[in-house]
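Heads up: the structure comes next, in structure tokens.
The values are calculated or read from the model by the stated rules, or taken from the named source; none is laboratory data. What you see is a predicted model, and the numbers here were worked out from it, not measured in a lab. Cβ placement follows ideal geometry from the backbone for every residue including glycine, while neighbour counts extend to all protein chains displayed. We work out accessible area using only protein heavy atoms, side chains counted, and drop any ligands, DNA or RNA first. Shrake-Rupley method; radii C 1.70, N 1.55, O 1.52, S 1.80 Å.
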Amino acid sequence: MLFWKKSEEERKAEEGDKTAILSLIEKGKVKKAIQILEKFKDNPQLRPILFDLYLKEGKYYYAYQLLEGYDPNLGTAKERALVYAKAGQYKKAVEEYLKVGDFESLIHAGDLLYSMGEKEKALEVYQRALKLAPLLERQTLEEKIQKVKVDLGLVEVKKESFIDKLKKGLKKTKEAVEFGLLFRGRKVDEELFEELEERLIRADIGVKLTVKIVEELRKEAIRRNIKQAEELKDLLKGMLISYIKDCKGEIKQKDELVVYLFLGVNGSGKTTTIGKLAYRFVKEGKKTLLCAADTFRAAAIEQLEVWAQRSGADIVKKQEGSDPAAVVYEGLQKAVSEGYQRVLIDTAGRLHTKEPLIKELRKIKQTILRFVSEEDVETLLVLDATIGQNSISQAKVFKEAVDISGIILTKLDGTSKGGTVVPICQELKIPIKLLGLGEGLEDLQPFEPEAFVEELLS
Ligand SMILES: Nc1nc2c(ncn2[C@@H]2O[C@H](COP(=O)(O)OP(=O)(O)OP(=O)(O)O)[C@@H](O)[C@H]2O)c(=O)[nH]1
Ligand SMILES: [Mg+2]
């Protein structure tokens, strides 16, 4: 009976019955519905349904053909803009986005204009968007505007130095702990030690290490008869540097092919860091390829594509759900045959599926080793500084899967836990190779232990 009813419905749908078609869609038979609807493109009642389905299924090019061949008013202006953008019809996409005129659409329009080389128009649109910008989006947009102005030669570029970047990156930590103020003009007494202890913990240096440091400082203060807090600060500086100086690491570099494999939990900053590092490699004139081996989500692949565009690197990708190792294989085959010098591999970091994750990472690593030797692989673990010391236990899981040659600590700018560098270094004993100090392309900096401590305590 049920079977009969189903086919009856399908029969009705085949005849173009709207209710029957909608019911098919509701039951998840989207492919079938599309097949049927494609025969009724002339029907203005059914056409919008087809347009909707194309959008939902990500079939933008088909949706575009519907707009072009049948009705340019299908969907909302925002939807049409998306379709045009995806179909590479940037001019039309911009027109539609400008018609919508809300903040998000203006940003899309500005970005498209910028990528089309229409920088003056992009600037105009961004400035329109700035008037509508939500508070949280303002800064990013202002940076964009600044960049276009620089491109257009409207403002001079003031190049930020490494120290400026570090200062900016450690701003939150410094505001939260104010080591500088703590020592200024004070005498060494018990109260000072207690406050110091509390601040070191606040900076996430860790209780164990803090107790050890303060204990040592107490002894030294007595032994050397130190009365002025500033002197104690110098001791502390030396001590902290000694704890982290062996963790200074540098990213592997040479003229030939080097493969950088990025690991880390969701949201730790892998993809962003890949974008920043690729940007640097491209600027150095290295032929650079990104490899989208985070095949878990379509959005992850798209996100990497955006970074490929921004950095000027090439990209190898497959469909969502593909075997990550297969993407890596394809990427490295291309890299070797076309003479790439840098390959950066993005992976998915689903820590809650520990066993499959470990298996997947091992398989990827083995695939890499079919093309290059171990010494030409850099396995980088990306850790999020905002979670402080919790990252240490995460790191241990990844260490179980593959050997890690370096750590990249991201989002230092977004946390007051800048001191977490110290326990990470002490416990993991893996070189820290780069620091993420912001979301911009240039916000990836080397880890310089002395400068780091100097800045932290200043
Ligand atoms: N402030 C700041 N934000 C950062 C930094 N690095 C990454 N982010 C932000 O952190 C968020 C997550 O970064 P992603 O690069 O997408 O992280 P991911 O590890 O690739 O995440 P999954 O793909 O979900 O596994 C994004 O919003 C980034 O802009 C940094 O150094 N500073
Ligand atoms: Mg990612």
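Descriptive notes on the structure:
- Flag for G339 being more than 15 Å from ligand 1 (Cβ to nearest atom), at pLDDT 95 or above and open to solvent by less than 10 Å² (accessible area, probe 1.4 Å): no
- Subset of the stretch 413-447 (residues that are under 21 Å from I241 (Cβ atoms) and part of a helix (DSSP H, G or I)): G418, G419, T420, V421, V422, P423, I424, C425, Q426, E427, L428
- Taking every residue in the stretch 298-321 that is closer than 14 Å to L277 by Cα and within 11 Å of ligand 2 (Cβ to nearest atom) and pairing it with any residue that is part of a loop (DSSP other than H, G, I, E, B) and open to solvent by less than 60 Å² (accessible area, probe 1.4 Å), at least 6 positions away or on another chain, the pairs with Cβ-Cβ distances below 8 Å are L304/D294; W307/A313.
- Screening I408 on (1) under 21 Å from D246 (Cα atoms); (2) more than 16 Å from ligand 2 (Cβ to nearest atom) shows it passes everything except condition (2).
- Test set (1) over 30 Å from A20 (Cβ atoms); (2) in contact with a helix residue (DSSP H, G or I) (Cβ under 7 Å, 6 or more places away or on another chain) - Q146 fails condition number: (2)
- Contact map, the stretch 264-281: first residue more than 15 Å from D314 (Cβ to Cβ) and among the small types (G, A, S), second residue near ligand 2 (Cβ under 9 Å from one of its atoms) and open to solvent by less than 10 Å² (accessible area, probe 1.4 Å), Cβ cut-off under 6 Å, separation 6 or more or different chains; pairs are G264/G349.
- For E400, the requirement of being more than 16 Å from ligand 2 (Cβ to nearest atom), open to solvent by 10 Å² or more (accessible area, probe 1.4 Å) and not assigned by TED's automatic domain parsing to the domain that holds T288 is not met.
- Boolean, I34 is under 24 Å from K86 (Cα atoms), open to solvent by less than 60 Å² (accessible area, probe 1.4 Å), part of a helix (DSSP H, G or I) and at pLDDT 95 or above: yes
- Qualifying residue in the stretch 201-220 (condition: more than 16 Å from ligand 2 (Cβ to nearest atom), open to solvent by less than 20 Å² (accessible area, probe 1.4 Å), under 30 Å from K318 (Cβ atoms) and over 17 Å from the mean Cα position of the chain (by Cα)): no
- Condition met for A298 (of a type in the set (A, V, I, L, M), more than 8 Å from ligand 1 (Cβ to nearest atom) and crowded, with 18+ Cβ neighbours inside 10 Å): no
- Highlighted here are the strands (runs of 3 or more DSSP E) found entirely within the stretch 257-345 that include at least 2 residues which are of a type in the set (A, V, I, L, M) and in contact with a Gly (Cβ under 8 Å, 6 or more places away or on another chain): 288-293.
- Taking the conditions (1) hydrophobic (A, V, I, L, M, F, W, C); (2) modelled with pLDDT of 95 or more; (3) open to solvent by 40 Å² or more (accessible area, probe 1.4 Å) in turn, I387 satisfies each one other than (2).
- Within the stretch 254-295, considering residues that are among the hydrophobic types (A, V, I, L, M, F, W, C) and away from ligand 2 (no atom under 14 Å from the Cβ), the one surrounded by the fewest Cβ atoms within 10 Å (Cβ to Cβ): V282
- Residues of the stretch 125-182 that turn out to be modelled with pLDDT of 90 or more and aromatic (F, W, Y), as a count: 1
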